[in-house]
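S.K.: Before I ask anything, here is the structure I am working with.
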Amino acid sequence: MIVLALDTCLNACSVAVSDGDRVLAHASEVMARGHQERLAPMAQAVMAEAGLGFDRLDRIGVTVGPGSFTGLRVGVAFAKGLGQALGVPVVSVGTLEALGGEGDSLVFAAIDARRDQIYLQGFEGGRALMAPDVLPVPTAVARLVELAQGRPLTLVGSGGLCWRTPRPARPSFRRRAPTPGSWPGSPRPGR
């Protein structure tokens, strides 16, 4: 089955064409804006690189969030228009599922939702452990710990950069920033 996959929900515009489990061609460009200008030419270039015409497509897949609302609309509109013109089905894939839904291990897909929140979904062996959710960071950490039950896990997505590892309180220990010139060999201010 030949599938054209589109993702415009996050800070990139990505297109891939696959035949079963084999990726024939792909392209991705980091961008916060401009998906609407790049998506169609990128899809055309990827299909050409794969040596296929659009008439060979059996299905079109498109991410449907969470992510940028404008990017999401661009991807869905393009997929629906192309699907209708070609007479092929269009299927939606959640962004978190696209990030974490493959593999045999324990995987958590996390996307930065801003305002100290994370979009989070856990998977094990490709099966969802929870519905996609948007959670404050401390609640997301607690959910991850609860579902992982001490097992090793993989964390994928931009939300991984938002984790703040809680540290146990140590009232007898205080950290201080070094003062200028306190490191050996560093110049002292005013000298």
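S.K.: Could you compute the FRET efficiency for ALA45 and ASP116, with r as their C-beta to C-beta distance and R0 at 41 Å, rounded to 0.05?
M.R.: 0.60
S.K.: Taking the simple approach of a point 7 Å from Cα along Cα-to-Cβ for both ALA85 and VAL156, what is their distance in nm?
M.R.: Taking the simple label geometry, ALA85 and VAL156 are separated by 3.0 nm.
S.K.: Could you give the nm distance between label points at GLN36 and VAL145, where each point is 7 Å from its Cα heading toward the beta carbon?
M.R.: 4.5
S.K.: Per residue Cα convex hull volume for the range 2-93, in cubic angstrom?
M.R.: Value for the range 2-93: 79 Å³ per residue.
S.K.: Computed FRET efficiency, Cβ-Cβ of ALA131 and VAL23, R0 30 Å: what is it to the nearest 0.05?
M.R.: With a Förster radius of 30 Å, E is 0.60.
S.K.: Additional query: Provide the descending list of Cα extents for the range 100-162 along its principal axes, expressed in whole angstroms.
M.R.: The Cα atoms of the range 100-162 stretch 32, 20, 20 Å along the principal axes, largest first.
Since every read-out is calculated from the coordinates, none of them should be taken as a lab result. Because the structure is a prediction, the values reported are computed rather than measured. We place every Cβ from the backbone using ideal geometry, glycine too, and count neighbours over all the protein chains shown.
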